[in-house]
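One structure below.
The values are calculated or read from the model by the stated rules, or taken from the named source; none is laboratory data. Owing to the predicted nature of the structure, the values given are computational and were not obtained by experimental measurement. Heads up, the Cβs are rebuilt from the backbone with ideal geometry, glycines too, and the neighbour counts pull from every protein chain shown. Note: areas computed on protein heavy atoms with side chains; ligands, DNA, RNA excluded. Shrake-Rupley method; radii C 1.70, N 1.55, O 1.52, S 1.80 Å.
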Amino acid sequence: MIIWLASYPKSGNTWVRSIVNQLAFHDIKKSDEVFDGLIKIRRYPSPYDMPKLPRIPDVSNKTQKKEVIEYAIKNWKQTQDRICEKKELHFLKTHNMLCKLKVGIENFNFTDIPNSIGVIHIVRDPRNIVTSVKNHFNHKSVEESINMMKDPHRWTGFKKNEVPQLLSSWNNHFNSWKKFPRNNLLIKYEDLIRNIDKEIKRIINFLSSFIKIKISQKEIDTI
């Protein structure tokens, strides 16, 4: 079964991923090592999931991009079925919106209930994401970043043979994961800043439904 760490880019996913990594695997780090070992909560989808993903020689070629996007969409379910074969709990990070897309006459869901047991949905005020998005995507202006965040058809992940992810608009992305029907924990970036201790304990409470967590206040303080 999969527990998703889902967010729009630059919303604090890596921060929460680090917290969950330390709690779930009881691998509490020193401050200068806190982002080590995050491979235990890897990104999905990734080239590891879809090694036969068609390559794009020219990222500006719309036909090539369409081929890659459709391949990714068609392989969402079977790759997650494969991840869940051993009936173990998996944590996966994603920036993909929760969606159903049509290719030809078939509909494909990003995920389904048999494979997904819950989501930690990380959200940050979009007004504060803009400058991070601008820097991360090398945009020339804030307006370019705002246009990206308002674009309902925005995909990302075409360079370096990555697997494309559908971001859509910030609004669509937020509302899609908001509707995930079970075990849905909303974590706000701003609440992490205001009271990190409280938010870690909310995450512990959420995770305790799936795994045994024995942790002291001193260890929480270290995290």
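Among 203, 28, 193, the order of accessible area from largest down is 193, 28, 203, computed with a 1.4 Å probe on protein heavy atoms. Kirkwood hydrodynamic radius of the chain, from the reciprocal of the average inverse Cα-Cα distance over all distinct pairs: 18.4 Å. When only alpha carbons of the stretch 1-99 are considered, Rg and Dmax amount to 15.7, 47 Å. Most simply put, the chain has about 25% antiparallel DSSP beta bridges, counting only bridges with both residues inside it.
Exposure here means at most 13 other Cβ atoms within 10 Å; with GluC sites (Glu not before Pro) in a DSSP loop as sites, the longest stretch of the chain lacking them is 89-223. Protein heavy-atom accessible surface, 1.4 Å probe, per residue over the stretch 18-170: 57 Å².
Hey, what angle do you get for helix 196-207 against the long axis of the chain, alpha-carbon based, 0 to 90 degrees rounded to 10? Taking Cα atoms only, the helix is inclined about 80 degrees.
The long axis of helix 13-24 is offset from the longest Cα principal axis of the chain by roughly 50 degrees. The gain in end-to-end length when the residue 125 to residue 60 segment is fully stretched comes to 20.3 nm, 0.36 nm per residue minus the alpha carbon separation. Taken about its Cα centre, the chain carries a charge dipole of roughly 240 debye when the Cβ of each Lys and Arg holds +1 and the Cβ of each Asp and Glu holds -1. With respect to the chain, whose longest principal axis is taken over its alpha-carbon atoms, helix 126-136 is tilted by about 70°. Of all aspartates and glutamates in the structure, those lying under 20 Å Cα to Cα from residue 86, and not within fewer than 8 positions of it along the same chain, are 49, 112.
Can you pull the percent of the chain's accessible area that's carbon plus sulfur, 1.4 Å probe, other chains left in place?
Roughly 49 percent of what the probe reaches on the chain is carbon or sulfur.
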